[in-house]
Amino acid sequence: MDRVETEQRDEPQTDFIYCHRAVTEVLKFGSCQFNSGHKVLFLIIPGNPGVVGFYKTFMRTLHRNLGYHHPVWAVSHAGHCVPPDSMDMVEDASSAAEYDVFGLDGQIEHKLAFLRRHVPRDTRLVLLGHSIGCYIILDMMKRNPELNILKSIMLFPTIERMAQTPQGKVMTPVLCGLRYVAYLPLFLLSLLPEALKAGLIRLALGGICSLDHTVVQPTVGLLSGDCAANAMYMGGQEMNKVLERDDLTIKKNLEKLIFYYGATDHWCPVQYYHDIKQDFPHGDFRLCENGFRHAFVLDAGREVAQMVSEWISVDFRT
């Protein structure tokens, strides 16, 4: 009986909604609606691509380690998910273009709109950002200081000088100058049968010996064409807009922030870790000692969730 109950708790719910004029996927472990018994929400702000299915193993492990007491949700980036047949990519095309909902600024407003519409104001938040999701969280804290945030956990944070990083130097020309050239092969890939797409993805990721196979299907969805194009559009803006570190927001919220830097992260060099640690000697900055890659969801979602659970166990002991 306990096994059946555990399996039910470990089974997530997926909702598709319109938020800030664009289709959005919300993955939910635990309570799907808030009531008086739920005062804390763990909310994941993904990297780019902002596909929530990538985080399923991470979320399941975190939810389990929290004793199933607190819901764990992830909200996709606007337009980074394949809409169901009953929905379009955008609710209103002209309005979506006017507000640039797929751009970096639009994605920040998208997350704030999600909280306003779907999370009660008195809910205490634990925000978990990955990569550009960390930049989005800092900007959310800056734009709305009234957010009831207990902790913000920044995993492999790309919050400064992205175009100057080793990976940024490679990707900036692609994302900013050659993005339209990539649309044709993406379109051709989108025409392939789903099974063939899945096979190509497994082949491409075959070098990862402990690959989490739950990421294959979300990647198939990403190859729908529009999703990948929206991710590339957002990525181009990241290269142009993620410049100086927002020290003022970090200083104002230092006691709420935990940063975790990769030791071999080509999107965020170790020097960035040393710089921020020197500038904020009383902050909580950690350097990976486990060899986790920037895209940890590919093979270490369970391990990273275990680590995060240990960090916050004192604050959320139940």
- request: Work through the residues other than CYS268 whose Cβ is under 14 Å from its Cβ and net out their charges, Lys, Arg +1 and Asp, Glu -1.
  value: +2
Choice from ALA74, ALA228, ALA195 with maximal GNM fluctuation in the chain (Cα, 10 Å cutoff): ALA195
- request: Could you tell me the accessible area of MET239 in Å² (1.4 Å probe, neighbours in place), rounded to the nearest ten?
  value: 10
query: Hey, what do the phi angles of the stretch 79-89 turn into as Karplus ³J(HN,Hα) couplings, whole Hz, using 6.51/-1.76/1.60 and θ = phi - 60°, x for Gly and Pro?
result: x, 9, 9, 7, x, x, 4, 7, 10, 9, 5
- prompt: Which value, in debye to the nearest 20, describes the size of the charge dipole of the chain about its Cα centre when Lys and Arg Cβ atoms bear +1, Asp and Glu Cβ atoms bear -1, and nothing else is charged?
  reply: 440
Ellipticity estimate at 222 nm from DSSP helix runs (n ≥ 4, -39,500 (n - 2.57)) divided over the chain, nearest 500: -12000 deg cm²/dmol
message: Need one number: % antiparallel among DSSP beta bridges in the chain, to the nearest 5.
response: 35
- prompt: How much accessible surface area, in Å² rounded to 10, belongs to the heavy atoms of LEU243 with a 1.4 Å probe?
  reply: 90
- line: When the chain is treated as a Gaussian network with springs between alpha carbons less than 10 Å apart, the largest mean-square fluctuation among GLN237, GLN107, GLN271 is found at GLN271
- request: Count charges around PRO83 for me, please; just the other residues with Cβ under 10 Å from its Cβ, Lys/Arg as +1, Asp/Glu as -1.
  value: -4
- prompt: With all protein chains present and a 1.4 Å probe, how do LYS252, LYS197 order by accessible area, largest first?
  reply: LYS252, LYS197
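Cβ under 13 Å from PRO49's Cβ, PRO49 left aside: what net charge do those residues give with Lys, Arg +1 and Asp, Glu -1?
-3
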statement: The ³J(HN,Hα) series, computed from each phi in the stretch 135-148 with the Karplus coefficients 6.51, -1.76 and 1.60 at θ = phi - 60°, rounded to the nearest Hz and given as x for glycine or proline, is 4, 4, 4, 4, 6, 4, 5, 6, 6, 9, x, 7, 4, 8
query: Each label point is 7 Å from the Cα along the Cα-to-Cβ direction; what then is the distance between the points at GLN306 and THR123, in nm?
result: 2.9
message: At 1.4 Å probe size, with the rest of the protein present, what percent of the exposed accessible area of the chain is carbon and sulfur atoms?
response: 53
query: How do LYS277, LYS169 rank by accessible surface area computed with a 1.4 Å probe, from largest to smallest?
result: LYS169, LYS277
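Please compute the per residue accessible area over the stretch 246-318 with all protein chains in place, 1.4 Å probe, rounded to a whole number of Å².
Result: 54 Å² of accessible area for each residue.
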- prompt: What accessible surface, in Å², does a 1.4 Å probe find on VAL304, ignoring ligands, DNA and RNA and rounding to the nearest 10?
  reply: 0
task: Would you look at the GNM of the chain, springs on alpha carbons closer than 10 Å, and say which of VAL75, VAL170, VAL242 moves the most?
output: VAL170
statement: Once LEU203 and ALA97 are pulled to full extension, the length gained, defined as 0.36 nm per residue separation minus their Cα-Cα distance, is 34.5 nm
field: Per residue convex hull volume, Cα atoms of the chain, in Å³
entry: 147
- prompt: Residue by residue through the stretch 280-296, which ³J(HN,Hα) values in whole Hz follow from phi under the Karplus form 6.51 cos²θ - 1.76 cosθ + 1.60 (θ = phi - 60°), with glycine and proline marked x?
  reply: 10, x, 9, x, 9, 10, 10, 10, 4, 10, 10, x, 5, 7, 4, 7, 4
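The values are calculated or read from the model by the stated rules, or taken from the named source; none is laboratory data. Owing to the predicted nature of the structure, the values given are computational and were not obtained by experimental measurement. Here the Cβ is made from the backbone with ideal geometry for all residues, glycine too, and neighbour counts use every protein chain on show. Side chains included, ligands, DNA and RNA excluded: accessible areas come from the protein's heavy atoms. Shrake-Rupley method; radii C 1.70, N 1.55, O 1.52, S 1.80 Å.
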